[in-house]
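Reading through the structure tokens given below for one structure.
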Amino acid sequence: MDIDEIISEIEGGRGYGYERYVTVGGVNIRYAVRGDGPPLLLLHGFGEFLETWDFNFHFLSEHCRVYVMDLPGHGLSDKPYLDYNISFFADFVIGFMDTFGIDHADIIGHSFGGAIAVSVATIFPEKVDKLVLESCFGLSNDISLLHKLCNIPVMGSVDTTEPAVKSALEHKARMEFYNPDFVAREMAGMSYRFMQMAEARRVMLNIMHNWVGVNGLKPEVVMVDRLCLIKSPTLFIHCEQDKIHPVELSRKAYHLIPKSSLKVFNECGHCPHIEKAAEFNEAVLAFLELG
């Protein structure tokens, strides 16, 4: 993967060409919406942005009304000074729905976004029709040493020199994808731009401090303890080669929800909505009964 070539080609991300901004709870949020029919919200992962749904947004919008957004503190949405805890993000999702007059919706959450989706489904069950948890975060208290170190004040600064950011992007691709070169050209530009924003780095560390302690995830973020409270039909999607959240976590967790099922893909990493987009989209359509 030639990170210099990739960055020079797509630095800044390309977007969809019809993104808009809306104020939710005093925070300016970049979003896009397309399609007609029942509402579907897509919640991206940690440090990501709405372009992560490039391989799904247009396809799914042929069957329903799809909303994608840069979550607060992410992408090109505002990055105010506040505590980015799990309750804040759950309240944000409800605020976003209220802003658009959405009484209830289907929700897909990827990784970090999955934890937010679980929080919404357990605190506001009447708001969630069906739930898709993709490579969901919080299915175990265990967390990597790197995440734990980010909770220590002395580790609160990040090397943002160009070589360090490029190295981080390469590591991110190796960790998240079974085939890192498959999506590097699609995603690296926006990631590079985001990682260069001082306010974005501040938000990422804030989230780490709010969600992770030196002994693992903070209790309010351990989603596995809340799964039994979910009333919505739920589909877990995971991949055999996920290096970030092992597939065994979903294999154990889906039994905790009364109306749930599990779909596992092979030769795929942490992001099946990208690496296995066609299969992911079809699984979602079948589960949501939109096909």
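Each eigenvalue of the Cα gyration tensor of the stretch 9-113, multiplied by 5 and square-rooted, gives one semi-axis; in descending order these are 20, 18, 12 Å.
Between GLU220 and SER167, the simple label model (points 7 Å from Cα in the Cβ direction) yields a spacing of 3.5 nm. For LEU262 and GLU62, the difference between the fully extended length at 0.36 nm per residue and the C-alpha to C-alpha distance is 69.6 nm. In this rough spin-label picture, where each label sits 7 Å from Cα along the Cβ direction, the PHE100-ASN28 distance is 2.0 nm. Within the stretch 226-251, find all residues whose amide N lies under 12 Å from a label point positioned 7 Å from the Cα of GLU279 along Cα-to-beta-carbon. Hits in the stretch 226-251 for GLU279 at 12 Å: 238-242.
FYI, it's all coordinate maths here, none of it is from the lab. On a predicted model such as this, the values are computed, not experimentally measured, just so you know. Note that each Cβ is placed from the backbone with ideal geometry, even for glycine, and that neighbours are counted across all protein chains shown.
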